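Student: Just dropping this structure here.
Just so you know, all these numbers are worked out from the coordinates, no wet-lab data involved. None of the values given here were measured: they were computed from a predicted structure. Please note: Cβ atoms are built from the backbone with ideal geometry, for glycine as well, and neighbour counts cover all protein chains shown.
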Amino acid sequence: MIIKSISNLELLKFIDEGYDNIYFGCDQEWYPTEWQKKSGCGPAAARNILLYLKYLKLNKGKVIKNNSKEFALLQMEEVWRYITPSKDGISTTKIFCQEFDNYYKSKGLKITCYSFDIPKEKYLRPDFKEALHFIEDAMMADSPVAFLNLCNGDIQSLDSWHWVSIVSLEFDENGMAGNVEIVDEGIIKKIDFSLWYNTTKLGGGLVYVQIQNEAC
């Protein structure tokens with residue numbers, strides 16, 4: 001099996017200082033309003049990418065000094081102003097990338113947003129190996145992948161109509177099977193990505209980002 005992953009998962013570790021709880025990745029349940037809790041998976045996944053790339057670049061892979069849950073929530077609230085779900089949430093990779101780009105422009109940064117769509121119709125879907133290569137490219141670029149799952153298929157541990165963040169990939173050399181580790185609900189989960197790909201009824205998509213320039 002071949003394994004690829006982001007270089008420092010610790011950059012996505014947050015501590016709830018009041019209760020000594022440890023979380024991996026931002027959790028939409030941290031948002032204060034009911035609407036944000038219900039629809040905030042897209043902004044939370046976006047914030048995972050933003051936080052990771054920011055601290056990987058500024059801290060050169062060292063664990064961030066402020067890794068509290070409270071700090072992460074402040075960052076999530078900032079992202080919400082730019083990556084804001086509609087009544088249908090953030091339902092496409094195109095919308096995700098457009099709003100992601102708007103956020104970075106507000107910071108004086110230019111990004112390249114890479115996306116990979118997985119259509120509802122099975123006959124229109126790219127070969128599974130292409131999806132694996134897309135995730136592998138993201139891991140090689142050291143970027144978490146925002147994974148849009150519109151239908152969880154046979155994966156019981158994954159919610160439908162939901163964004164999560166992929167942080168590692170494990171696949172066989174023939175490209176016929178692959179597992180991913182995701183951060184979701186503040187924990188690390190391992191799912192059979194090939195099973196999802198073959199059983200999802202609505203498809204979804206994948207997104208990762210690379211920063212192209214420094215702030216002005």
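Student: Looking at the stretch 157-216, which trypsin sites (Lys or Arg not before Pro) are in a loop (DSSP not H, G, I, E or B) and have at most 15 other Cβ atoms within 10 Å?
Tutor: LYS201
Student: Report the gain in length on full extension from TRP161 to ASN198: 0.36 nm times residue separation, minus Cα-Cα distance, nm rounded to one decimal.
Tutor: 11.6 nm
Student: Can you give me the relative contact order of the stretch 1-130 as a percent, contacts being Cα pairs under 8 Å and 6 or more apart?
Tutor: With pairs under 8 Å counted, the relative contact order is 21 percent.
Student: Would you work out the charge dipole size for the chain about its Cα centre, treating the Cβ of every Lys and Arg as +1 and the Cβ of every Asp and Glu as -1, and quote it to the nearest 20 debye?
Tutor: 600 debye
Student: Under 18 Å from the 7 Å Cα→Cβ point of LEU124, by amide nitrogen: which residues of the stretch 79-110?
Tutor: Inside the label zone: 91-96.
Student: Okay, next question. Can you pull out the chymotrypsin sites (Phe, Trp or Tyr not before Pro) in the stretch 11-57 that DSSP calls coil and that have at most 16 other Cβ atoms within 10 Å?
Tutor: Numbers: sites: PHE14, TYR19, TYR23, PHE24, TRP30, TRP35, TYR52, TYR55; in loops: TYR19.
Loop-located and lightly packed - TYR19.
Student: Which order do ARG125, ARG47, ARG81 fall in if you start with the one that has the fewest other Cβ atoms within 10 Å?
Tutor: Ordered from fewest to most neighbouring Cβ atoms within 10 Å, ARG125, ARG47, ARG81 come out as ARG81, ARG125, ARG47.
Student: Given TYR31, ASN179, GLY153, which one lies farthest toward the positive end of the charge dipole of the stretch 2-211, if we put +1 on the Cβ of every Lys and Arg and -1 on the Cβ of every Asp and Glu?
Tutor: The listed residue farthest towards the positive side: TYR31.
Student: What longest region of the chain stays clear of GluC sites (Glu not before Pro) that DSSP places outside H, G, I, E and B and that have at most 15 other Cβ atoms within 10 Å?
Tutor: Counting at most 15 other Cβ atoms within 10 Å as exposed, the longest clean stretch of the chain is 18-120.
Student: Once the convex hull of the C-alpha atoms of the chain is built, how many Å³ does it hold per residue, rounded to a whole number?
Tutor: Measuring per residue, one finds 118 Å³ for the Cα hull of the chain.
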